[in-house]
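One structure below.
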Amino acid sequence: MKTDIEPTSSTAPPQDRARGTGRLGDKIFLGLSRGSGILLLAIMAAIAVFLTIRAISAISEDHGNFLTTFEWNTTSRPMVFGIAVLAYGTIVSSIIAMLIAVPVAVGIALFISHYAPRRLATPVAYVIDLLAAVPSIVYGLWGALFLVPHLTGLYQWLDDYLGWTKLFEYNDGAPRSLFTIGILLAIMIIPIVTSVSREVFRQVPQMHEEAALALGATRWEVVRMSVLPFGRSGIISASMLGLGRALGETMAVATVLSPSYDIVPSLLDPGGGTFAQNIAAHFKEADGPARDALIASGLVLFVITLLVNGAARLIIARRKEYSGAAA
């Protein structure tokens with residue numbers, strides 16, 4: 001005779017216990033977790049709706065082309081403003097920062113986790129973590145008072161050897177350009193990328209490294225064949241965290257950059273601007289319609305950030321099968 005016995009927390013299937021259908025504590029934790037996720041989605045949706053409503057209001061009063069206009073004049077009526085220069089400056093400075101920061105950060109993370117002795121690795125990791133806590137205004141002051149005056153020699157060297165490309169042509173003047181901003185942003189995001197990458201590299205299974213060493217691999221071959229493939233997804237995630245910081249950085253950029261609303265062909269010429277810097281520079285004196293225009297530019301930055309993070313998730317998902325983390 002078949003009897004129905006209600007499964008207890010010990011006899012319930014593992015998937016049911018994982019979903020919190022067992023003990024009361026599990027159910028409470030599941031509810032809090034789901035509520036937190038739903039709350040996060042609600043906040044993101046509220047931000048998107050707010051930005052969209054205010055952006056539509058501003059764009060409807062714009063007498064230029066919002067996407068291609070090389071001007072930002074919201075004090076006169078009718079208003080004429082566009083994001084072409086801001087999008088260019090934000091993307092270019094962030095790309096420069098990533099090209100500099102990611103290789104350096106990954107190298108530091110590998111040194112701390114696999115090369116440096118423990119008595120040296122611990123203080124180096126501590127200093128790297130402290131750099132992430134430095135306020136952005138401090139980086140901005142350091143960049144304006146120390147970095148800018150000492151970049152003239154580098155700019156002249158780039159002009160001597162790469163000036164023929166027009167991309168690194170230097171026409172004298174203070175080096176308050178997008179290239180300087182890229183260097184400053186790289187210094188700011190190195191601690192973030194390093195810290196996350198270091199923790200990922202420490203999760204590499206010890207037996208993988210020992211097996212490679214037993215087969216006669218050198219230390220670099222162990223890193224190349226075991227550590228880097230395992231940590232690929234983590235490196236991408238760390239890079240996206242750093243890129244998010246670079247895209248939205250405000251005070252450091254506003255302190256160092258000489259803004260203009262022209263796209264200059266050389267990365268070494270002063271000029272350009274970013275979304276965050278433009279919002280910080282104009283928000284205080286902006287009235288209602290002018291603030292809506294700034295919010296419209298913020299919406300574009302919001303969309304760019306979402307697209308970048310979405311692309312990173314796709315890359316991680318497609319390459320997961322090639323990573324040791326997927327095992």
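No lab work stands behind these numbers, since they all come straight from the coordinates. Every value quoted in this text rests on a predicted model; they were computed, and no experiment measured them. Cβ placement follows ideal geometry from the backbone for every residue including glycine, while neighbour counts extend to all protein chains displayed.
Structure above, values below:
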item	result
Residues with amide H under 5 Å from that of residue 81, placed H, sequence gap 5 or more	63, 64, 73
Principal axes of the range 111-185: Cα extent on each, largest first, Å	47, 29, 16
Leading residue at positive end of dipole, the range 240-291 (Cβ point charges), from 276, 257, 240	240
Electrostatic dipole magnitude of the range 72-326 [Cβ: Lys, Arg +1; Asp, Glu -1; Cα centre; debye, to 20]	760 debye
Total charge dipole magnitude, the range 182-255, about the Cα centre, Cβ charges on Lys, Arg, Asp, Glu only, Debye to nearest 20	60 debye
Using θ = phi - 60° and Karplus 6.51 cos²θ - 1.76 cosθ + 1.60, couplings along the range 234-249 (whole Hz; Gly, Pro as x)	x, 5, 4, 4, 5, 5, 5, 5, x, 5, x, 5, 5, 5, x, 5
The range 211-286 versus the range 117-186: alpha-carbon centroid distance in Å	12 Å
FRET efficiency for residue 115 and residue 215, using Cβ-Cβ distance with R0 set to 22 Å, rounded to 0.05	0.65
Inverse of mean 1/r across different Cα pairs in the range 20-131, Kirkwood, Å	19.7 Å
Reduced Cα scattering model of the range 72-326, Debye log10 I(q)/I(0), q = 0.10, 0.11 Å⁻¹	-0.59, -0.70
Computed [θ] at 222 nm, helices only, for the chain once each DSSP H run of length n ≥ 4 contributes -39500 (n - 2.57)	-20000 deg cm²/dmol
Whole-Å semi-axes of the range 211-327's equivalent ellipsoid (Cα gyration tensor)	42, 18, 11
Binned Cα-Cα distance frequencies in the range 50-89 - 5 Å width, integer %	6, 26, 28, 26, 13, 1
